[in-house]
Every structure is written in C-alpha cells, then in structure tokens.
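The values are calculated or read from the model by the stated rules, or taken from the named source; none is laboratory data. Keep in mind it's a predicted model, so treat the numbers as computed, not measured. Glycine gets a Cβ as well: all are built from the backbone with ideal geometry, and neighbour counts include every protein chain shown. SASA here: full protein model, heavy atoms, side chains in, ligands and nucleic acids out. Shrake-Rupley method; radii C 1.70, N 1.55, O 1.52, S 1.80 Å.
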Amino acid sequence: MAALFRGSRNILLRWTKHADFAFVSTRSMASKTPVGFVGLGNMGSPMAKNLLRNGYPVIATDVFPESCKELQDIGAQVVDSPAEVAERADRILTMLPSSPNVIEVYTGPNGILKKVKKGTLLIDSSTIDPAVSREMAAAAEKMGAVFMDAPVSGGVGAASLAKLTFMVGGVEEEYNAAQELLTCMGANVVYCGQVGNGQAAKICNNMLLAIGMIGTAETMNLGIRLGLDPKLLAQILNMSSGRCWSSDVYNPVPGVMEGVPSANSYQGGFGTTLMAKDLGLAQNTATNTKTPIPLGSLAHQIFRVMCSRGYANKDFSSVFQFLREEEGQ
C-alpha cells in the first residue's frame, strides 16, 4: 500500500483491468484511514471493492489466498491473518459463512482479538446466531474494542451495486461511525438496537424469504401443470394479491425473467446451503424462545433435503426444480 502514496498528491492512478476503478485519486485515499476486511467470498469481495471505490485504503485477508488476488490487483493490501489486519487497522469488517468461522476469526490463535487495539470498531456482517454476536461483543469489550453486528440483505447483485440493506445492532453511540462505512456498501442502514438485534432481524427476514420462495415455486409449478404459460402466470401474480419479492424480482422458473439465477441454471445468487444454515438459526432461536414456526420449520427441512439431493451449491430458488423432480418430471 505504501507504493500507492508515492509521488505527487495529484497523481491519478489508473487501473485499466477494472473500468469502474479507472481513476482513483491518491489524495482521497490518503485522506482516509485504512479499513480492515476479513472474508473475501461472494459477498465480502464486492463489499471491499466498494470501500476502495469510496477512497478507503483496504487491508484484507481470507483463509483462501486466491480470493485476495483480485482485490490486491485493484489496490488493497493483503496480509496473512486476521490478527495482522487488527495490527494495522482500527476499523475492521468481517463477512464470514457461519458462527464457527466468526468465533475462529475473532478469538482463534491468529484472531482479531489477539492483536486488536483499544478503541477499534469491529463490524461483523456475517449471518450468525445472535448469541454468538453477543459473545463476541463481550470478548471485544474486554480488550477495549467495540463489536457491532450488521448482517446484510440483498445478495451478490446488491453487494456489487452497493445497494445492500444493513441491520445494525450495538452501542448506539458507535452507530454513526459504523454508518460511515456501511453507507459505502449499502443503500439502507438501519439501527436495530442492542448487539444481536441485527442478527435477529436478518434471521426473521430470511425465514420469510425461504417460505415465500417455496410458495412461489409451488404456485408456479401448479399453474404450469394446469396449462398456464409461466410468464403469463407471473404477470398475473405480480398485479394481484399473490405478488411477492420471489415472484416479482427473483422468479424461480427458468425463462420467466432475465438476470436471475433461474435464467442461469441456478448459478450465483444465494446458495441453498446458506439458506438451510439461516433457517437452522431461525429454528434454534425459535426453540430457545418457545416460538412456534411451523412454516419456518418445514422450510428448513425442505432446504436440508435439497442439500442432500445435489442442490447444495445451487441458488435457493432451485426449489422450483427440486419440486419438479419430486413429481417425476
């Protein structure tokens, strides 16, 4: 990163491989302190790119070094561990697959909390158990750092376009500091209250999303079997009381919409494995709070079965294809 600041402050760096990074001023980069980023997967990578676009020097790491190469090519500094990120940045974002990954990245032998500086702001955008968020906040507080949970909604497309929705839980006095960074990556940033509340909101949203997608897939499949053209049926649903996000924005039937996973053999988007994981979180929290979620529980089972039937790495809208195969087509 030191090379990034050499020469005149007015020099413009040009990255020809990435048109949207064509001109970035070293002056604007130098005016902002570095931001750490741990977890450069399908979501984390575009989020980190948007921080770079907004002039923040990024210090990044990932358990898979090859995930770092593209970000490094456009100006990020890549280091070997979360602990090294913590040594070099006092604002750190994490975007990780599951609760065990978050625990390891924060409290493991090479974790953030081994080297974290007092006053560091830690923002976790993973979708995990709210109880784990609260545990990480308590561990961070002992080290003089501040932890906030800020899970996201919107998927890979919204991450690339900086249109994510962030649901933030944590100390309200730190919300403005978190918001400064999150608005570089999202269109909506909502304060939800204490640590863990962001995760609670995300889990509730994804449970409804899963239920809605299954309902849309069932409805479309029934209509097709009754002889309706799927595009016509989708049009009718979307001007009627059955309209929902899954029917209108993310239709699961191939050929109905362009630019969605169902138009690309269910590649990309939000994986079935991740949906099953999120529904498991909903199931656990419902059990702990003695909350009945009959449809949420059924959705959990359906996506778990899909994972065992070869759909684990397909987008969760592939539930339509799963239902078609179940009926022998």
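Here are a few things to note about the model shown:
- Tally of residues being among the small types (Gly, Ala, Ser) and touching a residue at least 60 places away in the same chain (Cβ under 8 Å) across segment 278-329: 5
- Residues being touching a Gly at 6+ places or on another chain (Cβ under 9 Å) and either open to solvent by 60 Å² or more (accessible area, probe 1.4 Å) or at positive phi (or both) - total across segment 115-140: 4
- Among the residues of segment 178-189, the one identified as β-branched (Val, Ile, Thr) and open to solvent by less than 70 Å² (accessible area, probe 1.4 Å) is Val189.
- Close pairs (8 angstrom Cβ cut-off, 6 or more residues apart or separate chains): closer than 9 Å to Val38 by Cβ in segment 76-93, open to solvent by less than 30 Å² (accessible area, probe 1.4 Å) and of a type in the set (D, E, K, R) anywhere: Leu93/Asp124
- Yes/no for Asp90 being within 17 Å of Val146 (Cβ to Cβ), open to solvent by less than 10 Å² (accessible area, probe 1.4 Å) and acidic (Asp, Glu): no
- Unique residue being over 20 Å from the mean Cα position of the chain (by Cα) and farther than 18 Å from Thr107 by Cβ when the list is Val58, Val35, Val79: Val79
- Condition met for Ile112 (closer than 21 Å to Phe64 by Cα, without any contact (Cβ under 8 Å) to a residue 60 or more places away in the chain and either in contact with a strand residue (DSSP E or B) (Cβ under 8 Å, 6 or more places away or on another chain) or open to solvent by less than 10 Å² (accessible area, probe 1.4 Å) (or both)): no
- Condition check for Val189 on (1) modelled with pLDDT under 95; (2) in contact with a strand residue (DSSP E or B) (Cβ under 8 Å, 6 or more places away or on another chain): one failure, at (1).
A quick yes/no check of all residues on (1) open to solvent by 60 Å² or more (accessible area, probe 1.4 Å); (2) within 20 Å of Met43 (Cβ to Cβ); (3) under 18 Å from the mean Cα position of the chain (by Cα):
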{"residue": "Val146", "(1), (2), (3)": "no, no, no"}
{"residue": "Gly157", "(1), (2), (3)": "no, yes, yes"}
{"residue": "Met167", "(1), (2), (3)": "no, yes, yes"}
{"residue": "Asn176", "(1), (2), (3)": "yes, no, no"}
{"residue": "Tyr191", "(1), (2), (3)": "yes, no, yes"}
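- For segment 307-323, the set of residues classified as open to solvent by less than 50 Å² (accessible area, probe 1.4 Å), in contact with a strand residue (DSSP E or B) (Cβ under 8 Å, 6 or more places away or on another chain) and farther than 12 Å from Ser262 by Cβ consists of Ala312 only.
- Pairs with Cβ under 6 Å, 6+ apart, first in segment 185-206 and within 19 Å of Gly280 (Cβ to Cβ) and not assigned by TED's automatic domain parsing to the domain that holds Phe316, second surrounded by fewer than 20 Cβ atoms within 10 Å (Cβ to Cβ) and at pLDDT below 95: none
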